[in-house]
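Each remark here refers to the structure printed beneath this line.
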Amino acid sequence: MRLYTKRGDNGMTDLMGGRVRKNHPRVEAYGTIDELNSVLGMVRTVLADKRLARMVERVQRDLFVIGAELATSPKLQPPMKLSRARLKALERQIDAFQREAPTPRLFVLPGGSPVAALVHFARTVCRRAERCVVALSEREPVRPLVLQYLNRLSDWLFALALVINKRAQVPEVLWEGHRKRSGNTR
C-alpha cells in the first residue's frame, strides 16, 4: 500500500462516509486530536516513570478512538466509540494525582521540570482540541462524552504536571496577579 494517494491534492479529504474540504470543522477537530496525540507521544518518550508513561499511552489510545469517532460522518455509525468507563478512569486518576500533589490556590505558571513543561504544552493543545470539537458540535452532532473526555483530559494533564514536578522536587511558580511586590513602583 502506498502512503500517498494524491486524492487530497485538491484540498479535499476522505471521512468515513464522504469527502470534505480539508478545512472543514470535522477535519480541524480530529486533526487537532492527532496533534495532541503526537505531543503526548513526546511526553511518553521522556517520562522516566513507566507507570505514568503507561497512563499516557492509554490516553493516546483513547484519542485514536475519539479521532475515529470524529472522522466519521454523522450519517454513519463510527467503527468504535469512547466508553464512559474511560472518562471515569481519568477522574479516578485525577483524584489520585490531587492527593499526591494538591492544586495550588493561585494560578500555576506552566513550566517546572522539562517533562512537566511539555505536559503543560499538551494541556494547551488539548484545550484547543476541545474548542475545535465545540465548534464542530455547533454544526453537526458530536457525542457529549467526547467533549466531557477532552474537558477532563485537560484537568488530568494539569494534575499530571503537578505530580511530575512534585516527584522531581521542582517547586511550582505561582502567578500572583497584580499583587504589589517589594521594590515594584509601577
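Nothing in this text is a laboratory measurement; each read-out follows from the coordinates by a stated rule. Not measured: the values here are computed from a predicted model. Reconstructed Cβ throughout: ideal geometry from the backbone, glycine too, with neighbour counts over all protein chains shown.
Can you sort Lys75, Lys81 by how many other beta carbons sit within 10 Å, fewest first? Mind dumping the intermediate values first?
Working: Lys75 10, Lys81 15.
Starting with the residue having the fewest Cβ neighbours, the order is Lys75, Lys81.
Note the listed values [x] 1, 7, 14, 18, 20, 17, 11, 7, 4, 1, 0; [y] 1, 8, 17, 20, 21, 17, 10, 4, 1, 0; [z] 1, 8, 15, 18, 16, 13, 10, 8, 5, 3, 1, 1, 0, 0, then indicate which one is P(r) over Cα pairs in 5 Å bins from 0, in percent calculated from this particular structure.
[z]
Using a Cα-Cα cut-off of under 16 Å, which aspartates and glutamates could be cross-linked to Lys88, ignoring same-chain neighbours fewer than 8 residues away?
Straight-distance partners of Lys88: Asp62, Asp155.
Which is the longest run of the chain containing none of the GluC sites (Glu not before Pro) found in DSSP loop states (not H, G, I, E, B) with at most 15 other C-beta atoms within 10 Å? Let's see the in-between values first.
Details: sites that count: Glu138, Glu176.
Between exposed loop sites, the widest span is 1-137.
Could you pull out every one of the aspartates and glutamates with an alpha carbon less than 12 Å from that of Lys166, ignoring same-chain neighbours closer than 8 positions?
Filter leaves Glu100.
Compute, for the chain, the length of the dipole vector about the Cα centre, with Cβ point charges of +1 (Lys, Arg) and -1 (Asp, Glu) only. Units Debye, rounded to 20.
So the dipole magnitude of the chain works out to roughly 60 debye.
Calculated from DSSP H runs of 4 or more alone, at -39500 (n - 2.57) each and per residue, what is the 222 nm mean residue ellipticity of the chain, nearest 500? Walk me through the numbers before you get to the answer.
On the way: 5 runs with 108 residues, N = 186.
Helices in the chain give a 222 nm mean residue ellipticity of -20000 deg cm²/dmol.
Helix 84-100 versus the longest principal axis of the chain: what angle, 0 to 90°, nearest 10, using Cα atoms?
It works out to around 10 degrees.
Rounded, prolate or oblate, given the Cα gyration tensor of region 19-86, with a/c below 1.5 counting as rounded?
Since a/c reaches 1.5 but b/c is at least a/b, the shape of region 19-86 is classed as oblate.
Reachable aspartates and glutamates from Lys75, Cα under 12 Å, same-chain residues fewer than 8 places away excluded?
Candidates past the 8-residue exclusion: Glu140.
Taking the number of other C-beta atoms within 10 Å as the exposure measure, put Cys126, Cys132 in order starting with the fewest. Don't jump to the answer; show the numbers that get you there.
Values: Cys126 27, Cys132 22.
Going from least to most buried by this count: Cys132, Cys126.
Along the Cα→Cβ direction, 7 angstrom out, place labels at Ser38 and Leu147. What is the inter-label distance in nm?
With each label point 7 Å from Cα toward Cβ, the separation is 2.7 nm.
Among the trypsin sites (Lys or Arg not before Pro) within region 86-155, which fall in a DSSP loop and have no more than 10 other Cβ atoms within 10 Å of their own Cβ? Mind dumping the intermediate values first?
Numbers: sites: Arg86, Lys88, Arg92, Arg99, Arg105, Arg123, Arg127, Arg128, Arg131, Arg139, Arg152; in loops: Arg105, Arg139.
When the trypsin sites (Lys or Arg not before Pro) of region 86-155 are filtered for loop state and at most 10 Cβ neighbours within 10 Å, Arg105 remain.
Remind me, relative contact order of the chain in percent, using alpha carbon pairs under 8 angstrom and six or more residues apart? Present the calculation step by step, with values, prior to reporting the outcome.
Details: 211 pairs, mean separation 47.3, N = 186.
Once normalised by length, the contact order is 25 percent.
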